[in-house]
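Q: Structure provided below as C-alpha cells; questions to follow.
The values are calculated or read from the model by the stated rules, or taken from the named source; none is laboratory data. Here the structure is a predicted model, which means the values were calculated and not measured. Positions of Cβ are generated from backbone atoms using ideal geometry, with glycine treated the same way; all protein chains shown enter the neighbour counts.
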Amino acid sequence: MSLKSSISTRYVFVTGGVVSSLGKGIIAASLGRLLRARGLDTTIIKLDPYLNVDPGTMSPYQHGEVFVTEDGAETDLDLGHYERFINHDLSRMNAVTAGAIYKSVLEKERRGDYLGGTVQMIPHVTNEIKGFLRRAAEHSQAHVVIVEVGGTVGDIEGLIFLEAIRQMRKDIGRDHVCYIHATMIPNLRTTNELKTKPTQHSVDTLRSRGIQPDILVCRTERTLNPSIREKLSLFTDVDNNAVIQCKDVGNIYEVPLYLEQEGLCERVLEKMGLPNSTPDLVEWKTLTERTKLIDSQATKTVQIAVVGKYVMLSDAYISVVESLKHAATKVGVKVAIKWILSEDIEKQGAQALLSDVSGILVPGGFGDRGIEGKISAIEYARKQKIPYLGLCLGMQTAVVEFARNVVAMAGAHSTEFDNKTKYPVIDLMADQQTVVEKGGTMRLGKYPCHLLPGSLARRLYNQDDISERHRHRYEVNNAYRQQLEAKGMIFSGLSPDKRLVEMIELGDHPFFIACQFHPELKSRPDNPHPLFVGFVAASAKQASVVGDFESNIVVANSSETSSSVV
Ligand code: GLN
C-alpha cells in the first residue's frame, strides 16, 4: 500500500470506562459489521495491556478462551467476536499485548538498534505500538481500522496504549481518527435513577491522558432520557447526538442492528469525514429475526451437554457456545447447554448426569483433572447412541475410550496424562518431542485435511478437502491405527500425507464424530460450521424436536440421501 493510501486510512479507537466486561469487544465488532455493511473494508485490532506475550499460556479461568487465527496466533477471545461479526479471517497482525510490545523493544535494545539512546516509554514504547498499528493497517489494506484498547481507562497497565493512541491523532490528522468511549450508566434501584457520575469521572481520566472522546456508547438497563443525555453531553463535552445508548438485547447478534438504529456508525463516519450510505443488513436482520422466533418456542429446545473442566466460566468455551447457537438457528431449534464438570461425572457417574441430554460434546482442554469423567461421558454417548461431537481433547479421549473398551487395551491412555501406559494410543507429535518452551510452540493454525469418501465427515462438509485450525501437541499414535480400525473406528480425516489423524468417526451410531482441530473457531452466524450443524440436527432428531432445516446431510446409517434430518 502506498504511503498516500496508508495515510488516508481511518482509525477508530475504542476505550472502556467504569467497569470491565462492558462488552467493548461486541461494540467494536458491531461497528465493524456496520462499516462493512456499507462497503468499507474494515479490520479490528485488539491491544491487550497485560504482560504475557500472548494469552496462550494463561488459564482459561484467567482469560477465557484462547482464540487461534488462521496463521496460528493465540489471541484474545474478542478476536473470535470480531471474526464472527465481520465474517472475515483475521491474523496475528490483529492482536498485540503490552508483553509483546515490551519484548520487541527490549530485543531491539539488545541488538543495538537504539545504540547511544536511553530507551524510554515515550517515544520508544509508544513508537513500537504505533508502528504495530500502522503495519497492521497496511497488512489489512482496510479503509477503517478499529482498535479496541483492552482493560478500563485508569488502569496503570493501559496508560502507554492511551498515550500511543493519543499521539496517533497528531500523526495522522484529527479528521482521520475517532475516539469512542464505551461506558456504563448504572441504575440505582432504590431511587430508580440513572447515574452519570462514574462516566463523568471516567471521561475526566481519559481527558487527563489527552483524549477527548468523540462518541460515548452507554451501556444501560433503561432508556436514557433527554435530561440524562444532556447531562452526559455537558460534563463530557461529547455532542448530544453522539451520546449513543446501548441497552441490553437478548442476543449479541442484535447489537449491530440496535447500534445502527441509535446512529453509531453515522456519527463515526461524520467524525472521520466519510460519506454515509445505507448499510446492507438484510441478511443479518433475517438471521436475528429467525433466531428470535425459534427462541420464543419452548418446544424447540434441545438439551446438549458440554462436558469440560472450565464449565464454571462459559467464556472459556465461548466459540463452542456461539457455534452451537449458529447451528441451532440453521437447523431451526434452540439449544440449551447443560454444563457438566467432568469431575462430577467421576463422582456421580455418567448416567446420573447425562440421561436427560440429547447430545454430548467434549471440547478441547489440557491437564488430567477430570479426564476420566470425559472418558466415561464418551463411553455413555457411544453405548447409549447419543450424538457425540469431540473437539481436540474430545477426539483424543474418544480414541482412548474406544481403545480401552472396544479394542480391550486396558489402561490405554494419552501420554499427556500417563506416560507409562502400556497402550499410548495418543502420543506427543514427532515435531513436539524437542520443544521446551511453552509459549506459541503447539501445532497452531490452519492445516489441510483430506476426507474419506463416503464418510459422515465427507457428507457433512460436502467437500473432499478442508482446512481447519489447530492447537495441540498430541496426536493419534499411528502404531495403533490398524488395531483401532479393525474394531470399527473410521479415520475419516487425514493430513494430506496421511500421517496425522485429523478426524475419527464410528459407524453403527446415529452421530459419533470427533476432530483433532477446532471447528468452533470457524463457525460464523451467517456461515454455521457443518460439523455443528450435523451435530445439532442429530441431537434434535434424538430429542424428537422438529426443526425446519431441509438438507442433504445424512446422519450415519441412514440410507436416505436428501431427507430432512430433523
Ligand atoms: N491437550 C491436548 C494436546 O495438547 C489437546 C489440546 C486441545 O484440546 N486444544 O494435544
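Residues are listed down the side, and each one gets a yes or a no for (1) free of Cβ contacts under 8 Å to residues at least 12 places away in the same chain; (2) over 32 Å from the mean Cα position of the chain (by Cα):
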position: T220; (1), (2): no, no
position: P226; (1), (2): yes, yes
position: S233; (1), (2): yes, yes
position: A242; (1), (2): no, no
position: V255; (1), (2): no, no
position: E266; (1), (2): yes, no
position: E270; (1), (2): yes, no
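Q: Another one. Return the only residue of L133, L206 being crowded, with 16+ Cβ neighbours inside 10 Å, assigned to a helix (DSSP H, G or I) and within 24 Å of the chain's Cα centre (by Cα).
A: Within the list L133, L206, the selection yields L133.
Q: Only helices (runs of 4 or more DSSP H) wholly contained in the range 334-409 count here; list those with 3 or more residues that are within 16 Å of the ligand (Cβ to nearest atom).
A: Result: 371-384, 393-405.
Q: Run A182 past the list (1) under 16 Å from K24 (Cα atoms); (2) assigned to a helix (DSSP H, G or I); (3) of a type in the set (G, A, S); (4) touching a helix residue (DSSP H, G or I) at 6+ places or on another chain (Cβ under 8 Å) and report the number of the one that doesn't hold.
A: Answer for A182: the failing condition is (2).
Q: Continuing with this model, one more query. Mind listing whichever residues of the range 146-167 are surrounded by fewer than 23 Cβ atoms within 10 Å (Cβ to Cβ) and closer than 16 Å to K46 by Cβ?
A: G151, T152, D155, E157, G158, I160
Q: Among the residues of the range 518-535, which ones are over 22 Å from G445 (Cβ atoms) and either in a loop (DSSP other than H, G, I, E, B) or of a type outside the set (A, V, I, L, M) (or both)?
A: Answer for the range 518-535, where residues must be over 22 Å from G445 (Cβ atoms) and either in a loop (DSSP other than H, G, I, E, B) or of a type outside the set (A, V, I, L, M) (or both): P525, D526, G534, F535.
Q: Of all residues in the range 438-476, count the ones that are farther than 15 Å from P519 by Cα and among the aliphatic types (A, V, I, L, M).
A: Residues meeting the conditions: 4.
Q: Continuing with this model, one more query. Just checking, how many residues over the range 454-492 are within 16 Å of the ligand (Cβ to nearest atom), in a strand (DSSP E or B) and either within 16 Å of V425 (Cβ to Cβ) or not acidic (D, E) (or both)?
A: 7
Q: Pull up the range 493-529, narrow it to residues that are more than 16 Å from the ligand (Cβ to nearest atom) and within 30 Å of V282 (Cβ to Cβ), then point me to the one that is surrounded by the fewest Cβ atoms within 10 Å (Cβ to Cβ).
A: N527
Q: When you scan the range 1-119 for helices (runs of 4 or more DSSP H) that lie fully inside it, which ones turn up with 3 or more residues that are under 18 Å from S140 (Cα atoms) and touching a residue at least 24 places away in the same chain (Cβ under 8 Å)?
A: Working: elements: 3-7, 24-36, 60-63, 78-86, 98-111.
It comes to 24-36, 78-86.
Q: Follow-up question, since we're still on this one. Just to be sure, is Y50 modelled with pLDDT under 95, surrounded by 17 or more Cβ atoms within 10 Å (Cβ to Cβ) and not acidic (D, E)?
A: yes
Q: Only residues that are in contact with a helix residue (DSSP H, G or I) (Cβ under 7 Å, 6 or more places away or on another chain) and closer than 27 Å to L444 by Cβ: list them for the range 413-425, please.
A: Answer for the range 413-425, where residues must be in contact with a helix residue (DSSP H, G or I) (Cβ under 7 Å, 6 or more places away or on another chain) and closer than 27 Å to L444 by Cβ: H413, S414, F417, V425.
Q: Within the range 209-220, track down each residue that is in contact with a Lys or Arg (Cβ under 7 Å, 6 or more places away or on another chain) and either outside any loop (DSSP other than H, G, I, E, B) or modelled with pLDDT under 95 (or both).
A: Scanning the range 209-220 gives I215, T220.
Q: Filter the range 436-482 down to residues that are among the hydrophobic types (A, V, I, L, M, F, W, C) and either loosely packed, with under 12 Cβ neighbours inside 10 Å or over 27 Å from the mean Cα position of the chain (by Cα) (or both), then give me how many there are.
A: Within the range 436-482, residues that are among the hydrophobic types (A, V, I, L, M, F, W, C) and either loosely packed, with under 12 Cβ neighbours inside 10 Å or over 27 Å from the mean Cα position of the chain (by Cα) (or both) number 3.
Q: For the subset of the range 418-432 comprising residues that are of a type in the set (V, I, T) and under 16 Å from L393 (Cα atoms), which member is surrounded by the most Cβ atoms within 10 Å (Cβ to Cβ)?
A: Looking at residues that are of a type in the set (V, I, T) and under 16 Å from L393 (Cα atoms), I get I426.
Q: Which of (1) out of contact with any strand residue (DSSP E or B) (no Cβ under 7 Å at 6 or more places or on another chain); (2) under 13 Å from I160 (Cβ atoms) is the odd one out, the single condition F132 does not satisfy?
A: For F132, the failing item is (1).
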